[in-house]
1. Among the numbered conditions (1) outside any strand (DSSP E or B); (2) within 23 Å of G141 (Cα to Cα), tell me where L284 comes up short.
2. Report, ordered by the first and then the second residue, all pairs with beta carbons closer than 8 Å, sequence separation of six or more or different chains, a first member in region 272-283 that is in contact (Cβ under 8 Å) with a residue 60 or more places away in the chain and more than 17 Å from P214 (Cα to Cα), and a second member that is of a type in the set (D, E, K, R) and in a strand (DSSP E or B).
3. So, in region 96-130, of the ones that are touching a strand residue (DSSP E or B) at 6+ places or on another chain (Cβ under 8 Å), assigned to a helix (DSSP H, G or I) and of a type in the set (A, V, I, L, M), which residue ends up surrounded by the fewest Cβ atoms within 10 Å (Cβ to Cβ)?
4. Name the strands (runs of 3 or more DSSP E) wholly within region 1-85 that hold at least 1 residues that are among the aromatic types (F, W, Y) and more than 26 Å from E170 (Cβ to Cβ)?
5. Would you confirm whether or not region 27-37 contains a residue that is over 20 Å from the mean Cα position of the chain (by Cα) and surrounded by 17 or more Cβ atoms within 10 Å (Cβ to Cβ)?
6. Name every residue in region 230-240 that is surrounded by fewer than 15 Cβ atoms within 10 Å (Cβ to Cβ) and in contact (Cβ under 8 Å) with a residue 24 or more places away in the chain, in order of residue number.
7. Exactly one condition in (1) of a type in the set (A, V, I, L, M, F, W, C); (2) farther than 22 Å from V178 by Cα; (3) touching a Gly at 6+ places or on another chain (Cβ under 9 Å) is not met by M90; state its number.
8. Going residue by residue through region 266-286, is there one that turns out to be aromatic (F, W, Y) and over 18 Å from the mean Cα position of the chain (by Cα)?
Amino acid sequence: MTQFTIRPLTSHDDYQLTRQIHMAAWGVDAAETLPPLSMHAFQHNGGILLGAYDGDQLVGYILSTLGTVETPGRIDQIAAARLKLFSVIMGILPAYQGQGIGTQLKLAQREAALRLGIRMITWTYDPLESRNGRLNIGKLGAICNRYYRDFHGPMAGRNAGLASDRFEVEWWVTSNRVEGRVAQQRRPLSLDAMLGAGAVVVNEATFDDGLLIPPLDFARSDNNLLLVEIPSDIQGLKAADLALARQWRQHTRQLFEYYFAANFAVTDFVFQPGGDGRSRSFYLLTHNDS
């Protein structure tokens, strides 16, 4: 993995560049980005704004702010006991994507949280984005048991066309689980190994003319290890067949809402490379009582 320089963004020139990176990364216009004045305000008031540099060029950034964990019914808990870091946005220039910058930015964000004494970072992402699932769940060790329908409302750019459903993940940065993932103490899971361990695929998908088709329904299982397949390239699938991409959104929405309500959580990610666009991507769900 190429090493880029990660450091805080503190200049107005850098704040301006974050807007350009956002536009390039997500295919949106300036109206869809965070204004540089807001970036400055976040950074000046305790937000963590970090940039990734290739030499002197800013090629990626990540912004996070302090937030609080909701504790319904609790009126006796001071705010400091409920502090978390909320990761607002991360953007990387398209030419630099796939080079490990996202991992380096997230690890730098974790270090910043540890210096502040904060144990948890949360953020949202599209559960159909396999690349983000591999990073957030598989590599970083975040977990998820919350699903939000159309979280951002209608969106533009590469997010256009699908309802903006989102996972909200929890990254417990001081946990043994995260320590092990960050230290790369285990190899990524393989599909054969998970099936051999007794995992059950609850949505058997099939390929038709190179496109992954979801089943009409999903299995309701009480097995402790469940595998949920998603497309490995939702953007490519969306470009080829928007109606099919929307079918995947509806299918996985119902599936995750059902299993989260049944006390399952997303705890890992399985990626199986394949030729001719037939790579396979699966979330691993485990029961919280297992």
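1. L284 satisfies every listed condition except (1).
2. Within 8 Å, the pairs are Q272/R280.
3. Within region 96-130, the subset touching a strand residue (DSSP E or B) at 6+ places or on another chain (Cβ under 8 Å) is 96, 101-102, 104-106, 108-110, 112-113, 116, 118-128, 130.
If we keep only those that are assigned to a helix (DSSP H, G or I) as well, we get 96, 101-102, 104-106, 108-110, 112-113, 116, 130.
Now restrict to residues that are of a type in the set (A, V, I, L, M): 101, 105, 108, 112-113, 116.
Values: I101: 24, L105: 22, A108: 18, A112: 19, A113: 23, L116: 13.
That would be L116.
4. Values: elements: 5-8, 48-54, 57-68.
Qualifying strands (runs of 3 or more DSSP E): 48-54.
5. First pass over region 27-37, keeping only residues over 20 Å from the mean Cα position of the chain (by Cα): 29-31, 35-37.
Remaining after also requiring surrounded by 17 or more Cβ atoms within 10 Å (Cβ to Cβ): none.
No, there is no match, as no residue in region 27-37 is over 20 Å from the mean Cα position of the chain (by Cα) and surrounded by 17 or more Cβ atoms within 10 Å (Cβ to Cβ).
6. Here is the first cut: in region 230-240, the ones surrounded by fewer than 15 Cβ atoms within 10 Å (Cβ to Cβ) are 236, 239-240.
Result: G236, A240.
7. (2)
8. Going through region 266-286, the residues aromatic (F, W, Y) turn out to be 269, 271, 282-283.
Next, only the ones that are over 18 Å from the mean Cα position of the chain (by Cα) stay: none.
Among the residues of region 266-286, not one is aromatic (F, W, Y) and over 18 Å from the mean Cα position of the chain (by Cα), which makes the answer no.
The values are calculated or read from the model by the stated rules, or taken from the named source; none is laboratory data. Source: prediction; values computed, not measured. Every residue, glycine among them, receives a Cβ derived from its backbone with ideal geometry; neighbour counts consider all protein chains shown.
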